[in-house]
Structure formats: C-alpha cells, structure tokens
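Read through the structure below, which is laid out as structure tokens, and then see the notes.
The values are calculated or read from the model by the stated rules, or taken from the named source; none is laboratory data. All values reported here derive from a predicted model rather than from experimental measurement. Here the Cβ positions follow ideal geometry from the backbone for every residue, glycine too, while neighbour counts run over all protein chains shown.
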Amino acid sequence: MSDLGEMFYSALDLFEAGHFAEAEDACRMLTLAYPQAVEPMHLAGLVALQQGRYDIASERMGRAAIADASNAEIQHDHARALKAAGKKRDAIGAFKRAIRLCPDTPSLYCNLANTYRELGDLDHARENYLIALGLAPDSADINANYAACLRDSGDLSGAEAACRHALSLREDIVMALVLLGQILLDQGRIVSASDPLMRALRLAPGHKTALTAYGEALFRLGQFAGALHCLRQVLALDPEAEGARRTLALLNLRTGQGAEAIASLDPLLRRYPDDPELLLMMGEGLSLSGRHNEAVERFGAAIGAGGGDDAVFRLAVELSEQTDAQMAHEVLQKTIDRKIRNGEDATLFRTARRLLFSPVPVDINAQNDEVVRDIVEDATSSQQDSGSPAAPGRIDPMTLTRFPPVWRAALRPQGDAQLVAVGRYWEQLAADANVPSAAPATSTTGRKVRLGVVSANMCNNGIGRWVAGFVAALDRDRFDITVIRPPLGEDDITSRIDANADLVVRLPLDPKHSAGVIAGLEFDVLHYVDAQADAYTMLLASWRLAPIQVAGGGIAATTGLSNMDFHFVADDWEAAGGEARYTETLVRLPGLFVNGECPVVPNHSPRDLQRQWRIDEDRNSYLCPQPLDVLSADFDPLIAEILRLDETAELLLIAPERDTWDAAWGRRFAVNHGDVAGRMRFVNVRNRAEMLSLLGAVDVVLESPAWNDAMLGFDCLGLGVPLVTLPGKEARTRRSHTCYREISVFDCVAYNSADYVETALTLATDKRRRSVIAQAIRTRSHVLFGQKESFIAYMDFLEKQTA
C-alpha cells in the first residue's frame, strides 16, 4: 500500500472511532503532502462537519466536489455541508448534481425535498418526496418526512395518514411519533396526541420537540404541573427554544402569574417586537401584575400590529376593568360601526357592549329578540355590502370564557331580574355550540350517587373554603365525589379539597372539550358552586351535561339558567317569597349550609396587632374587608355618615389587585363625600393569616348591605369581632344575619340604614358594650362550626331525586 493509502486509512480509522481532533491533524498532513488528492479533502470536510465547523466543511467539500465531479457521494456530502452552513439554495444545486450522477437513489430526492421544505417551497418539496416514494414506497423515513411536508401544507388528514403509514413500517421512528403528536394537537385531539408523544419520549427522553409538544398537550389538558416540568426541561436544554417559552408564558398567564409570564415573554418580544400575539400576551401579563397603563399600551400596540378582533376586545375589557367605561364603550362602538360599514360580523362587540355596560333587558322575549336582531343586523349588513348571503355570527366558546364574571349583574338595579336576564343571554350565546348531551338518567338505587362538584374557586378564598367544608361533609359511602375545576392555580385549600374527593378532574382550556370530558363521566348530579363567578364555569353551566344540575353555596343568587334544576340555600338565607327570585327550584336546607372551621385566634395582643397595622389606639377603627366591587354606591352614604359622626375614626379598606379600582372608588367617594374621604386608608393583605390578624386589630367590621361574603361572618364571629350587617330579602345579603341568628346575638344586626350607622357608632364608641358583645359572640360562636345538618338533608334530597 502506498504512503498516501496508509496515511488516509489511518485518518479514516481515527474518524470512524470518533477521534475527530486527531483525524483533523492527520487530514491536514495528508492535504499538505498530497494537495490534489480528493479523498483526504473529502475526509477533512467530513471531520469539520462532525465538529460543527460548517463553513469550513462546505469549503473543503466544495474543493473535493470540483476535483471529482463524477462522484455522487462527494456531491451529496457537499450538499449536506452547504445545508448545515445555512446555504440552502447552494445545497439544492449540489443535491441536483448528485441526483444526475445517481438518479435512482431515493435518499437524494428525500434530502432535496427536505431542503425545499425548509425554504418554504412546499410544491417542489412535495414533488421530490413523491419521486422518492416512487423509488422506495416502504421507506419509513421518507414517509415520515412526506408527512411533515403535508402538515406544513395544511393537509392534516393526509399528513396523519402518511405518518401512521411510516409508523406501521417501523414503530420506533421518533420523528414520526413526534410529528403524529403535533398533527393530532393541530386537529385539537389532545388526549390522542399524548400517546405518540409519550412513546417518543420513552425512546428519546431529552427530545426537545417531543418535550415541547407534550408540554403543550398537558397545558391544554389543564395538567399544569406536568406541562411546567416538560417546558422547563426544554428550556434547560435550549434557553432559546421559542415554542417552549411561548407555551410557558401562556401557562403562567392561565395560572395568574403575571410576573413570570412577563419574564418568559421579554426575550421573545425583543426578537419579534411586532408580533401581535406576543403583544397581547404581554398585555395580559402586565394586567395581571397590576401594571394596567402599560397593559393598555400593549393592547393598543397589538391592534396596530394586526391583532384583529381579539386585541380590540381585550383592550375594551381591560379599560372596563379599570372602570374607564367611557373609553371602553367608545372602543367597542367604533369597532361595531367599522364592521357594519365593511359588512363584517360585529356580534362579539355587540355582546361585549351589552354584557360589560348595558343592563340586559329583563323581559326575556325582548332580550332574546335583541340577541337575534343583533345577529341578523350583522348578517344583513354583510349581505348588502358584499352581495352574498352571510351566515349569522356566533362567538367562539373560547372567547366567551374571557368575559368578566356575571355575578356583578346582581349589584345593578333590579339585581335579581338582571341575573335572570344575563343567564338567559348566556344561554343564547352558547346555544349553537356542538357539545355532547348528558347521558340518560339511571336509578341510583343500590349504588352511590355520582356527584360532580364544579367551581373556579377551589383555592384559598371564601368560596374555596366553603367548597373544602362541603366536600368534607359529604358521606363517601353514599356519594362518589368528583371535584372538577378549570385550569387555574392551586394551593393548600386545593389540596384539602382533593384529599376528600374520589376523583379530581382538571379541565382543559377548551370549554367544548371540557364539556365532552364532563358528559363522558356520566354524573347523576352536577353541582355548580359558583357558576356566576367565572365565565368558564358559566359557559359549562349553560349546557346540559348531567341529568340533574344544581347550584348553591358559593354564590347565593340565581344563575338565571334554564338548565339548572335546583338551587340550595340555608333556610334563613332567603326571606319569605324568595322562590320568585330564582329560575331554579329553590331548596331550603336546615342549618347553615356551611361546614366551617373555627379561625385560629392571632397569637398577639390587640395592641400588638394595632401596631402591626399602624392603627392608632386612641382612634376608633372600622374595617370593610370586602372587595371594592361589592361596595355599591348605596353603601357610600352609610360609610360617610359613620365617619362624620365619629370625627376621629379611621376606615380601613383592602387594597385591590387592580390599582385602578381604588382610584376609581376613591374618586366616586370623594366627589360625594370629600369631607371625610381623607380618613380612609387602603391596606395590603396577602393571605388569610394576615386577614385574621387585621380583623383582630380593628374595633368594628362593616359589611356591605348589597353582598355578604361566603365566609366573612364565620371568621369575624369565630374571633369574637363585631360585624355590622344589614340583611335584606335576598340570600346574598343575609348570610351573616343567619350566623347571628344561630348564636342568638342580634346586637350587630341592623334593620335599616339609620340603624346600621347607629349600631356601628355604638359598637365603636362604647368600649364596654363592645367588649360585652364580643364576649357573647366568642362564647356562643362554637355552634357555627362543624355543622352537618344541612349536608345530611342535601344528600337525602339528591338520593331521592336520583332513585
């Protein structure tokens, strides 16, 4: 063997053994000694290609390709090097030269097609894939790459068929498994997508594309913990992975983590500053973080970048949540006018204007006519402008879930009628959604009742604590309990709820998919604890997903939905004649209908607690611990009168999550009661322990006559803190009164507005009387906690209904 041959095979052995640095040195010596030899130059190019030095590889391969233009293998390797160096147009020429030399090699056509596909030239890519398949129809790899081309072309059914054919030829192709998962995700078949993606990850645990797609699938199924794990793995492998970062931002937005979402979006927006979807997501993150002026700017930028209807709708909702109703209404009206001029569907914006700002007509027939009229007007305008018939517009269920909660309708004039009207309006909006219907009812005699409990508030708030007590009070020998919640964040209350359930269902993001999940579980009864508190659960409650659907406990007011059969309340919550306020059949239960736990008394003296909250012990202190949106304008004069008559007193309010709310509420109060507005102070409360310490620090707690919180009475009375309440006729105003009635203490219950003011002043200014009343409350409040009478009656009723 010649010296050239010996040196070349020695270098080749080093290359094949993976010793690339030594192979590089050997190739350098060969090319210096034999500069015209093709094989050393070709091998030197292969070494550089393996080392990731793509420009050098393409230059060396090019020299070898020129020196031996008839060698198909060298031409092919030259094309690979050019493609790796980003010179894809040059790579196409090199692939074609290789094909001319070896026209019957299917892998050459496949690689050429792959290059065309990466350039976005899908027609030429498809043409070459078909040639490759004509030469090798049973090649699993070529079929898988062809499937990827079909997916890029939008032919999802063809792509799925090609992918499944590839996997039938060889079931361990990771690329085909990942691609099949992505295709199924594109089709919305999320559960089906999970299987091939999991198989791919078993074969290749660190596969970034598989991890990203599986993380997206878990996210869309509402399995946030698993999704977060996958996405973090991807970003650990590749911090620049855009798909994983985008999905992680969506996950953070869905769980209310605005700051984390902003951190995920910042690098993407620096790269793509005019991407409307990213601008919308950043606006939502800023809104969640309380940076509302910046959020409005980002939503405006999204509109300018072509964000379309979604951006306009989101801007209007943000403005309305900031209480800038005039600007929000103007945005919606201009959009409606523009769409009508252009012959486009304005249903979404008409609906937003109606639900956000205008009372819904309480006459159901008139209201339904109005919904129909709006839709017909949109269709008619479109037909007149375009000359062709237009289908009536409907709002996608995913968009409906972004509307504000409907319970605020109860605070409007004719609150009960408004709740009924809004419920019927929602049913009109949801009516055309193609969702599964409930399975036929079957007798539960001889078996447990299958009960599904639905709530968007299974977390550490008043409703979440009510749900925790409710689930714990039910007899699992009589009831099979499934807790169902939309994809939101979780905390310690969530864990307590889950521990007392037989099954936990975390719903996916798509409400229509969720409806299928719920209907498929074939419940005997679905209990919507607080449908009005969240648009997602309101939409689910608008559909018939179980033979019997009931409400009650979280929000003590009618849902207004015809698909809701019964509404449970404690007997004393509703005054006589309360049945007329409900579209559901009202079921009155004995007892409190609350399975509460006595609050832990703060381990500090009242004086220490006052110092902690900067309360002057020489001034009387009042606290209204409810959200500002339930402090109606009718409550303002009562607060103002108390502060006028108690000239040194201070009123504490809870700082809202939205900084614009306190400004708007403060403006409203100052306009009408500016003389006492300076004696109000907002305090930040981060958790329940802080709330309990604040309750223990003040002299008197004031409750809005328009709305009683689910658990406020139990917290105050459990601590022995006087809570002034003014019960009305509706259940939503009588929950605290029911607690006082249970312990036979009525000193804090007012019977009219003047009595409310006098009661609050007496409790604050007469310390001895306040001490006596507080002691009476503390002594008797133990009877409020751990009551089961209501829940026994609840179970008896449902067993009778399902027998």
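Couple of notes before you dig in:
- Residue count for the range 240-273, restricted to those that are free of Cβ contacts under 8 Å to residues at least 40 places away in the same chain and outside any helix (DSSP H, G or I): 4.
- Residues located in the range 318-335, provided they are within 23 Å of residue 395 (Cβ to Cβ) and surrounded by fewer than 20 Cβ atoms within 10 Å (Cβ to Cβ): 321, 325, 327, 329, 330, 333, 334
- Scanning the range 265-298 for residues being surrounded by fewer than 18 Cβ atoms within 10 Å (Cβ to Cβ), among the acidic types (Asp, Glu), under 16 Å from residue 247 (Cβ atoms) and touching a Leu at 6+ places or on another chain (Cβ under 7 Å) gives a total of 0.
- Entirely in the range 11-88, the helices (runs of 4 or more DSSP H) that have 3 or more residues that are within 50 Å of the chain's Cα centre (by Cα) and surrounded by fewer than 19 Cβ atoms within 10 Å (Cβ to Cβ): 54-67
- From the list 312, 360, 371, the lone residue that is at pLDDT 80 or above and touching a helix residue (DSSP H, G or I) at 6+ places or on another chain (Cβ under 8 Å) is 312.
- Condition met for residue 421 (in a helix (DSSP H, G or I), closer than 18 Å to residue 552 by Cα and more than 22 Å from the chain's Cα centre (by Cα)): no
Listed here are the residues, each with its yes/no results for (1) assigned by TED's automatic domain parsing to the domain that holds residue 699; (2) closer than 30 Å to residue 474 by Cα.
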{"residue": "748", "(1), (2)": "yes, no"}
{"residue": "753", "(1), (2)": "yes, no"}
{"residue": "757", "(1), (2)": "yes, no"}
{"residue": "762", "(1), (2)": "yes, no"}
{"residue": "765", "(1), (2)": "yes, no"}
{"residue": "771", "(1), (2)": "yes, no"}
{"residue": "774", "(1), (2)": "yes, no"}
{"residue": "777", "(1), (2)": "yes, yes"}
{"residue": "790", "(1), (2)": "no, yes"}
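- Number of the condition not met by residue 222 [criteria: (1) of a type outside the set (S, T, N, Q); (2) closer than 21 Å to residue 506 by Cβ; (3) assigned to a helix (DSSP H, G or I)]: (3)
- Any hit, the range 630-644, residues being at pLDDT below 90, closer than 20 Å to residue 463 by Cα, of a type outside the set (Gly, Ala, Ser) and not assigned by TED's automatic domain parsing to the domain that holds residue 557: yes
- Just one of (1) closer than 27 Å to residue 647 by Cβ; (2) within 32 Å of the chain's Cα centre (by Cα); (3) not in a loop (DSSP other than H, G, I, E, B) fails for residue 716. It is (2).
- Taking residues in the range 330-351 that are of a type in the set (D, E, K, R), and partners anywhere that are outside any helix (DSSP H, G or I) and crowded, with 24+ Cβ neighbours inside 10 Å, the pairs with Cβ atoms closer than 7 Å and at least 6 places apart or on different chains are 339/346.
- Hits in the range 731-769 (condition: surrounded by fewer than 22 Cβ atoms within 10 Å (Cβ to Cβ) and of a type in the set (D, E, K, R)): 741, 742, 747, 755, 758, 766, 767, 768, 769
- Taken as a whole, the structure leaves residue 534 outside the set of residues that are surrounded by fewer than 18 Cβ atoms within 10 Å (Cβ to Cβ), farther than 19 Å from residue 441 by Cα and charged (D, E, K, R).
- Those helices (runs of 4 or more DSSP H) lying entirely in the range 107-189 with at least 2 residues without any contact (Cβ under 8 Å) to a residue 12 or more places away in the chain, farther than 26 Å from residue 82 by Cα and in the same structural domain as residue 221 (by TED's automatic domain parsing): 156-169
- Condition check for residue 450: buried (at least 24 other Cβ atoms within 10 Å of the Cβ) and charged (D, E, K, R): no
- Residue match in the range 737-745 (condition: modelled with pLDDT of 90 or more and part of a loop (DSSP other than H, G, I, E, B)): yes
- Residues within the range 586-615 that are loosely packed, with under 15 Cβ neighbours inside 10 Å, farther than 25 Å from residue 742 by Cβ and either touching a Lys or Arg at 6+ places or on another chain (Cβ under 7 Å) or of a type outside the set (Ser, Thr, Tyr) (or both), tallied: 7
- Qualifying residue in the range 717-727 (condition: surrounded by fewer than 21 Cβ atoms within 10 Å (Cβ to Cβ), outside the structural domain of residue 476 (by TED's automatic domain parsing) and touching a residue at least 40 places away in the same chain (Cβ under 8 Å)): yes
- Of all residue pairs spaced 6 or more apart or on separate chains, those with beta-carbon atoms under 9 Å, a first member in the range 594-606 that is under 11 Å from residue 466 (Cβ atoms) and a second member that is acidic (Asp, Glu) and at pLDDT 85 or above are 596/715.
- Residue check for residue 501: surrounded by 24 or more Cβ atoms within 10 Å (Cβ to Cβ) and either touching a strand residue (DSSP E or B) at 6+ places or on another chain (Cβ under 6 Å) or at pLDDT 95 or above (or both): no
Quick grid of which residues meet (1) under 30 Å from residue 396 (Cα atoms); (2) crowded, with 23+ Cβ neighbours inside 10 Å:
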{"residue": "456", "(1), (2)": "yes, yes"}
{"residue": "460", "(1), (2)": "no, no"}
{"residue": "488", "(1), (2)": "yes, no"}
{"residue": "495", "(1), (2)": "no, no"}
{"residue": "524", "(1), (2)": "yes, yes"}
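- Within the span defined as the range 507-514, every residue fails to be touching an Asp or Glu at 6+ places or on another chain (Cβ under 9 Å) and buried (at least 22 other Cβ atoms within 10 Å of the Cβ).
- Some residue of the range 521-536 being within 23 Å of residue 464 (Cα to Cα), polar (S, T, N, Q) and in a loop (DSSP other than H, G, I, E, B): no
- Applying the set (1) surrounded by fewer than 23 Cβ atoms within 10 Å (Cβ to Cβ); (2) under 26 Å from residue 462 (Cβ atoms) to residue 520 leaves exactly one unmet item: (2).
- Residue list for the range 570-585, restricted to those being without any contact (Cβ under 8 Å) to a residue 40 or more places away in the chain and surrounded by 20 or more Cβ atoms within 10 Å (Cβ to Cβ): 582, 584
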